[in-house]
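Beneath this line is the structure, given in structure tokens, with notes to follow.
The values are calculated or read from the model by the stated rules, or taken from the named source; none is laboratory data. What you see is a predicted model, and the numbers here were worked out from it, not measured in a lab. Using ideal geometry, Cβ is built from the backbone for each residue, glycine included, and neighbour counts are taken over all protein chains shown. Areas reflect the complete protein model, heavy atoms only, side chains present, ligands, DNA and RNA absent. Shrake-Rupley method; radii C 1.70, N 1.55, O 1.52, S 1.80 Å.
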Amino acid sequence: MGFFDFLTEEIAIDLGTANTLIIHNDKVVVDNPSIVARDRISGKIIAVGKEANMMQGKTHENIKTIRPLKDGVIADFDASEQMISLFIKNIPALKKKFFNPALRMVVCIPSGITEVEMRAVKESCERVNGKEVYLIHEPMAAAIGIGVDIMQPKGNMIVDIGGGTTEIAVIALGGIVCDKSVKVAGDVFTNDIIYYMRTQHNLYVGDRTAEKIKIQIGAATEDLELPPEDMSVQGRDLLTGKPKQVNISYREIAKALDKSILRIEDSVMETLSQTPPELAADIYNTGIYLAGGGSMLRGLDKRLSQKTDLPVYIAEDPLRAVVRGTGIVLKNLSKYKSVLIK
């Protein structure tokens, strides 16, 4: 390895359903939506990340926007590979190099993933010049990113609500003791909002608008201490076909998301009920840690806390907790050897 060491660059990737983040030299250098826009005729990728995201729902028949990852796993192998490759090429420090450096990378994957899906991630990375590709489970990376000392013989519970999956895991001694991966997360919340607007207001809104609603006034309970202001939402009236605007309050969004949040609550309860008693005792003291974009839903921490009777903490900068953890593992590969997936 010796001679090649200075030709090898190290990167940590959080390949998410909604966002892809990359750390290089301890800095988050890529933080982009996981979406590509492809020209139907030539098959070329014309935009990626934020640019492609702006096009979503606004394309004509020659442009197609693709989200290569679904439910946390690769759904479109070709598009995901091109996306990763373009993101890596966009890293400022690697742009200056006149040849593509070999990459040592740590990538995180959902815990409920199959062998085949795991190999798809690995192969995608190997084809963009990844010479050494290490995989790590998302809840593990999230725990490290939050700052939990996972090597201790102490139980910690992590709930990572991403775009495609919600990962719930109890971690001790550098391993996952019990985990559950549910496909109810940010994307499902967005679809709930679209459905609610459609059925309650006869208003047809697109993905991007629904996402905006979720971020601006999304809530998990109807009694918030600091309620956000009402939001005016524009879309197409399903009765008249005309564009129209309605005002929406956070209470309505809480109603729309209620069923999905119940499913996450139930999964947390189920994981708790499978936890060995000694670890359950630890969790009673340490509480539950929330990470991922979904944890920013107003009042979700309070709601989970009421359901479980445990303290619930939201990670600082929850969107980046997973990639931070992945970056820490990358720096101390020998220390975290045991948490990597072979």
Given 37-46, 8-17, 225-234, 85-94, the highest-first ranking by average Cβ count within 10 Å works out to 8-17, 85-94, 37-46, 225-234
Rounded to the nearest 10 Å², the accessible area of residue 67 using a 1.4 Å probe with every protein chain kept is 90
Quick calc: nm separation of the 7 Å Cα→Cβ label points for residue 309 and residue 258 -> 2.5
Scoring the range 2-96 by relative contact order with C-alpha pairs under 8 Å, at least six apart, yields a percentage of 22
Output row, site residue 152, 7 Å Cα→C-beta label point, backbone N cut-off 17 Å, window the range 172-211, residues 172-177
Rounded to the nearest 10 Å², the 1.4 Å probe accessible area of residue 116 is 100
Expressed in square angstrom to the nearest 10, the accessible area of residue 60 with a 1.4 Å probe stands at 100
Over the chain, with neighbouring protein chains present, the accessible area per residue in Å² at probe 1.4 Å is 48
Honestly the range 186-256 on the Cα gyration tensor test (a ≥ b ≥ c root eigenvalues; a/c under 1.5 rounded, otherwise a/b vs b/c for prolate or oblate) is just prolate
A student applying the Cα gyration tensor rule (rounded when a/c is under 1.5; otherwise prolate if a/b is larger than b/c, oblate if not) would label the chain oblate
Taking a crude spin-label model, label points 7 Å out from Cα along the C-beta direction, the residue 127 to residue 222 distance in nm is 5.0
Excluding ligands, DNA and RNA, the carbon-plus-sulfur percentage of the accessible area of the range 268-342 with a 1.4 Å probe reads 53
Here the tail fraction of P(r) beyond 18 Å, over all Cα-Cα pairs of the range 105-159, rounds in percent to 42
Looks like the range 54-202, by Cα gyration tensor root eigenvalues a ≥ b ≥ c and the a/c under 1.5 rounded cutoff (else prolate when a/b is bigger than b/c, oblate otherwise), is oblate
Whole-percent tail of the Cα-Cα distance distribution for the range 221-342, cut at 18 Å, equals 68
